[in-house]
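**Student:** Provided herewith is a single structure, encoded as structure tokens, for subsequent inquiry.
Laboratory data are not the source of any read-out in this text; all were calculated from the coordinates shown. Bear in mind the structure is a predicted one, so any value in this text is a computation, not a measurement. Cβ coordinates were reconstructed from backbone atoms using ideal geometry, including for glycine residues, and neighbour counts include every protein chain displayed.
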Amino acid sequence: MLPFVWSDDCLRHQPAAEVWVGTRTPASEVPARALAIREALLGAGAREVAPVAHDDSALLAVHDPALAEFLRTAWEDWAAAGLPSDQVVPYVFARSQLTGGREPAVPAAVWARPGLFAYDTMTLIGPGTWEAARAAVDVALTAVDLVVEGEPIAYACCRPPGHHVTRSLYGGSCYLNSTAVAAAELVGRVGGPVAVVDIDAHHGNGTQEIFLGRRDVLTASVHVDPGAGWFPHFLGFAVENDEANLNLPLAHGTGDEGWLAAVREAAAFAAPARALVVALGVDAAAGDPESPLEVTAAGYREAGRILGKLELPTVVVQEGGYDLATIGPLVVETLAGLAR
Ligand SMILES: [Zn+2]
């Protein structure tokens with residue numbers, strides 16, 4: 001009867017579209033993802049727990065207050081400005097090389113303001129985006145509470161995902177980094193080090209950036225090689241590894257054998273930790289439209305087993321996974337492997 005935390009508010013973010021290579025394409029990070037997972041969990045006998053509201057202290061421990069304030073007000077300001085797009089989308093970006101390293105000015109134009117905080121054009125903000133992202137943080141923090149209170153494992157069934165969000169920048173269909181919030185909170189509650197093992201198909205670049213230089217949070221990520229042309233493109237390489245960060249990029253087409261070897265390596269890296277956060281993306285599965293990895297359902301169950309053998313208090317936070325037919329069963333398989 002593994003507990004999972006659920007909030008209807010996570011359904012409120014409903015991006016109709018993304019802007020990718022200048023083209024409006026249908027959104028893949030949709031509310032139906034979370035509903036499919038919830039249905040599979042209930043079918044497997046998991047116990048649904050309501051989230052508890054938490055104040056912003058844990059959120060602001062990992063995020064720039066200016067990013068949180070922008071996300072909270074962006075849609076209202078955009079709508080009030082009467083712009084032609086029905087979603088907040090940046091068109092100009094405040095790169096540090098543009099301003100010679102100086103802090104960029106806060107633009108007077110509402111339509112220029114997203115460029116202070118966005119790093120891509122595919123992560124749109126509409127009515128309900130802030131409410132859903134903030135609810136996801138509460139869901140993750142409630143899962144932390146459960147584990148601190150003695151549950152061996154708790155699962156945060158939340159969306160939008162978070163692992164691509166840095167301290168100050170949002171992107172990659174993510175707005176607030178619930179995984180990082182959970183990890184930082186665990187450090188405060190159970191002591192460090194806490195490990196984050198990210199098995200989403202894409203590099204957890206936001207989590208890596210947030211904890212860069214810290215020794216009390218160990219970050220490991222198993223993902224498709226960005227050098228082969230995959231998001232987040234600019235980082236996620238082994239050259240970024242140090243004592244507290246481990247990137248394990250995998251070739252296009254990697255299946256269970258190679259993927260599980262990397263998960264084992266990530267688990268060994270996490271072993272000294274006092275608590276574990278699993279950033280659970282199931283988009284490494286064969287058949288997922290967003291990645292070229294070929295992991296099976298049995299592979300996900302085995303990954304759960306490998307991480308469960310660490311016998312650490314474990315918070316699992318939902319990240320990616322875009323095949324609506326299999327996302328629920330894949331999450332159930334992973335959690336079944338983890339349960340001990
Ligand atoms: Zn992903």
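**Student:** Give me the distance between the Cα centres of the stretch 1-57 and the stretch 64-94, rounded to whole Å.
**Tutor:** 22 Å
**Student:** Counting only chymotrypsin sites (Phe, Trp or Tyr not before Pro) that sit in a DSSP loop (anything but H, G, I, E, B) with at most 13 other Cβ atoms within 10 Å, what is the longest stretch of the chain containing none of them?
**Tutor:** Result for the longest clean stretch: 92-233.
**Student:** Among PRO15, GLY101, ALA44, whose Cα sits farthest toward the positive end of the charge dipole of the stretch 3-143 (+1 at Cβ of Lys/Arg, -1 at Cβ of Asp/Glu, about the Cα centre)?
**Tutor:** In the stretch 3-143, that residue is GLY101.
**Student:** Using amide H atoms built 1.01 Å from N in the peptide plane, name the residues 5+ places from ASN241, or on other chains, whose amide H lies under 5 Å from its own.
**Tutor:** ASN247
**Student:** On to the next question. Obtain the nm distance between the two label points defined at ALA251 and ALA336 by a simple spin-label model: each point lies 7 Å from its Cα along the Cα-to-C-beta direction.
**Tutor:** Label-label distance for ALA251 and ALA336, simple model: 3.2 nm.
**Student:** Another question about this same structure. Please give the charge dipole size of the chain, origin at the Cα centre, charges +1 on K and R Cβ atoms and -1 on D and E Cβ atoms. Round to the nearest 20 debye.
**Tutor:** That gives a dipole near 240 debye.
**Student:** If the elastic network links every pair of Cα atoms under 10 Å, which of ARG134, ARG102, ARG264 fluctuates the most in the Gaussian network model of the chain?
**Tutor:** For the chain, modelled as a Gaussian network with Cα springs under 10 Å, the answer is ARG102.
**Student:** Could you tell me what percent of the DSSP beta bridges with both partners in the chain are antiparallel, to the nearest 5?
**Tutor:** 20 percent
**Student:** What number in nm² do you get for the chain if you take the convex hull of its Cα atoms and divide its surface by four?
**Tutor:** 15.5 nm²
**Student:** I've got another one for you. From the backbone phi of the stretch 259-265, what are the Karplus-calculated ³J(HN,Hα) couplings (6.51 cos²θ - 1.76 cosθ + 1.60, θ = phi - 60°) in whole Hz, Gly and Pro given as x?
**Tutor:** In residue order, the calculated couplings are 5, 5, 4, 5, 4, 4, 5 Hz.
**Student:** Amide H neighbours of HIS223 under 5 Å, counting only residues 5+ apart in sequence or on other chains, H built in-plane at 1.01 Å?
**Tutor:** Here the answer is LEU248, LEU250, since their amide H atoms fall under 5 Å of that of HIS223.
**Student:** Where the only charges are on Cβ atoms (+1 Lys, Arg; -1 Asp, Glu), what is the dipole of the stretch 27-177 about its Cα centre, to the nearest 20 debye?
**Tutor:** The calculation lands at about 440 debye.
**Student:** Among ALA201, ALA109, ALA74, which one moves the most in a GNM of the chain with springs linking Cα atoms closer than 10 Å?
**Tutor:** With Cα springs under 10 Å in the chain, the top fluctuation among ALA201, ALA109, ALA74 is at ALA109.
**Student:** What is the stretch 243-340's relative contact order, in percent, from Cα pairs under 8 angstrom and six or more apart in sequence?
**Tutor:** 33 percent
**Student:** Tabulate in residue order the Karplus-calculated ³J(HN,Hα) for the stretch 114-130, using 6.51 cos²θ - 1.76 cosθ + 1.60 with θ = phi - 60°, rounded to whole Hz; enter x for Gly and Pro.
**Tutor:** x, x, 6, 10, 9, 10, 8, 9, 9, 10, 8, 10, x, x, x, 4, 4
**Student:** Starting at the first residue of the stretch 196-207, write each ³J(HN,Hα) from the Karplus equation 6.51 cos²θ - 1.76 cosθ + 1.60 with θ = phi - 60°, in whole Hz, x for Gly and Pro.
**Tutor:** 10, 10, 9, 10, 4, 5, 10, 4, x, 5, x, 4
**Student:** For the residue pair HIS233 and THR23, what label-to-label distance in nm results when each label sits 7 Å from Cα along the Cα-to-beta-carbon direction?
**Tutor:** 1.5 nm
**Student:** Let me ask something additional. Would you tally the net charge around GLY213, using a Cβ to Cβ cut-off of less than 15 Å, leaving GLY213 out, and scoring K and R as +1, D and E as -1?
**Tutor:** -2
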